[in-house]
Amino acid sequence: MPMNISRGGIVLLFSDQRHEAQREKVAGVYSASFHRGWQIVPITEYPSEDVIRREIKTWNPIGVIVDPISLRGPLSRSPFGSIPVVLMGVDDNRRRQIFDCTANDDLTPAQMAIKALSSRRFDAYAYFPHPSGQYWSRKRCEAFRSCVNAHAAKRIPFLIYSGSDPEQLEGQQALSDWIRSLPKPCGVFLATDQLATAFYVAAARAKVSIPNEVAVVGVDDLEFICQNLNPHLTSVDVDFSKAGEIAIELIERRINDPKADRETRYYPATGITRRGSTGDVIIDARVRKALAYIEEHFTESLSVADVVMEMGCCRRLAERVFTAATGKSILDKIRENRLERAYMLLRDQTIPVDDIPSLCGYESVGHFKNYFKRITGKTMRQWRNQVTVATVDLP
């Protein structure tokens, strides 16, 4: 007999929770549902049509959330009837989505990876994809390629590992050969931190030094991996719990308006933790000190004079050595950090546009709005609308 929940209802959650990212998504689901008085019923069985019909009959839910990472075919609408359904990810078996869904913002992790690598000049960039070949790995690759093209002053080689799964013996050798063949120095972006161990072992077999010959950035910022590698892995942190929160918001939206247009909402990367795998390769200690100071304080009322004081030399010398080492002025570096943060915040539709300048270190809203439009050719609201209304269309 279906269970009744006094303050709202039941939401079925199909997720196997094998990976850390999936567990974080589930935590977001539970947190957001608790505040609405909804009960989450987790189901670890594969969401076949028979299983879906059985669980719906048992629980009579107000909504269903599915993590599509393990789907072996397209998810059908028919077993759900009129019940609101949200995917915590993209149905990779469909060219176009038929359900509301949350999706990882692929651009911000790639932008942060480039940012972490930007203190060096590379002869090439490379991407190490997830062996599953899933959509998120493919799209992360294309986002990184786009960022490389935008960042590099001239066309530069971009390489993608296409060998066997490195967890297999032949894959380990193939990965070592690929790392050995990369133009050096090379900036490498891993699809996820979980690939880092295989990459480090393969690099050691190939006698390729990290970070001197290849600088490496991962995604997920899983400390139990990043801190147990030598050198420690620089990694982008993604707020996977936000995916779960958004999924509950989309269920609520669909309950309130069953005829609403299908929507895809994106959750962003939230930051990057710099560690040894990207290297401390700037020789001038004053410049290293300046970069660390900017990274720590750019969201505050930071001025060039503040950075120069931290460097401990006169302004003329500070500007000269900083530009020689980084290819940009101190002010340009501060602005670059602030603009990248604005891009990240604009992807979160819950943050009011007028709050973003102060969150990026600007005291004047109007000044930053004018600067943003001059750089991008769009107002912040236009930029947000252009990015967030896009749906996920797979090739």
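The values are calculated or read from the model by the stated rules, or taken from the named source; none is laboratory data. All values reported here derive from a predicted model rather than from experimental measurement. Neighbour counts run over all protein chains shown; Cβ positions are idealised from the backbone, glycine included. Remember, those area values only see protein heavy atoms, side chains included, never the ligands or the DNA or RNA. Shrake-Rupley method; radii C 1.70, N 1.55, O 1.52, S 1.80 Å.
So which residues in region 215-243 are within 19 Å of Pro109 (Cα to Cα) and either assigned to a loop (DSSP other than H, G, I, E, B) or small (Gly, Ala, Ser) (or both), if there are any at all?
Ala215, Gly218, Asp220, Asp221, Leu222, His232, Leu233, Ser235, Asp239, Ser241, Ala243
Residue-by-condition table, conditions (1) touching a residue at least 60 places away in the same chain (Cβ under 8 Å); (2) on the phi > 0 side of the Ramachandran plot; (3) buried (at least 23 other Cβ atoms within 10 Å of the Cβ):
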| position | (1), (2), (3) |
| --- | --- |
| Leu175 | no, no, yes |
| Arg180 | no, no, no |
| Phe189 | yes, no, yes |
| Phe199 | yes, no, yes |
| Ala202 | no, no, yes |
| Gly218 | no, no, yes |
| Asp221 | no, yes, no |
| Phe224 | no, no, no |
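Checked against the criterion of being open to solvent by 70 Å² or more (accessible area, probe 1.4 Å) and at pLDDT 95 or above, the candidates Arg7, Arg18, Arg23, Arg53 yield just one match: Arg53. Screening Leu359 with (1) modelled with pLDDT of 90 or more; (2) open to solvent by less than 50 Å² (accessible area, probe 1.4 Å) gives one miss only, at (2). Residues in region 362-378 that are open to solvent by less than 50 Å² (accessible area, probe 1.4 Å) and over 21 Å from Asp306 (Cα atoms): Gly366, Tyr371, Phe372, Thr376. Going through (1) part of a strand (DSSP E or B); (2) under 23 Å from Lys328 (Cα atoms) one by one, Cys147 falls short only on (1).
Among the residues making up region 254-265, those that are within 10 Å of Asp100 (Cα to Cα) and either part of a helix (DSSP H, G or I) or of a type in the set (D, E, K, R) (or both) are Arg254, Asp261, Arg262, Glu263, Arg265. Taking Val208 as the residue in question, decide whether it is open to solvent by less than 70 Å² (accessible area, probe 1.4 Å) and touching a helix residue (DSSP H, G or I) at 6+ places or on another chain (Cβ under 6 Å). Spelling it out, Val208 is indeed open to solvent by less than 70 Å² (accessible area, probe 1.4 Å) and touching a helix residue (DSSP H, G or I) at 6+ places or on another chain (Cβ under 6 Å). Glu300 is checked against (1) assigned to a helix (DSSP H, G or I); (2) within 27 Å of the chain's Cα centre (by Cα); (3) of a type outside the set (A, V, I, L, M, F, W, C) and fails just one. What number does that condition carry? Evaluating Glu300 over (1) assigned to a helix (DSSP H, G or I); (2) within 27 Å of the chain's Cα centre (by Cα); (3) of a type outside the set (A, V, I, L, M, F, W, C) leaves (1) as the failure. From the set of residues in region 250-305 that are over 30 Å from Ile83 (Cα atoms) and of a type in the set (Ser, Thr, Tyr), which is most open to solvent (accessible area, probe 1.4 Å)? That would be Ser301. The requirement of being under 16 Å from Ile10 (Cα atoms), touching a residue at least 12 places away in the same chain (Cβ under 8 Å), open to solvent by 20 Å² or more (accessible area, probe 1.4 Å) and outside any helix (DSSP H, G or I) is not satisfied by Pro74.
One residue is enough: does region 200-214 have a residue meeting the conditions under 30 Å from Gly37 (Cα atoms) and in a loop (DSSP other than H, G, I, E, B)?
no
Step by step: first the residues of region 226-240, then only those that are open to solvent by 10 Å² or more (accessible area, probe 1.4 Å) and in contact with a Lys or Arg (Cβ under 7 Å, 6 or more places away or on another chain), then the one that is modelled with the highest pLDDT. Which residue is that? Ranking the candidates gives Phe240 first. Per the listing Arg94, Arg120, Arg138, the residue uniquely open to solvent by 40 Å² or more (accessible area, probe 1.4 Å), at pLDDT below 95 and not in a helix (DSSP H, G or I) is Arg94.
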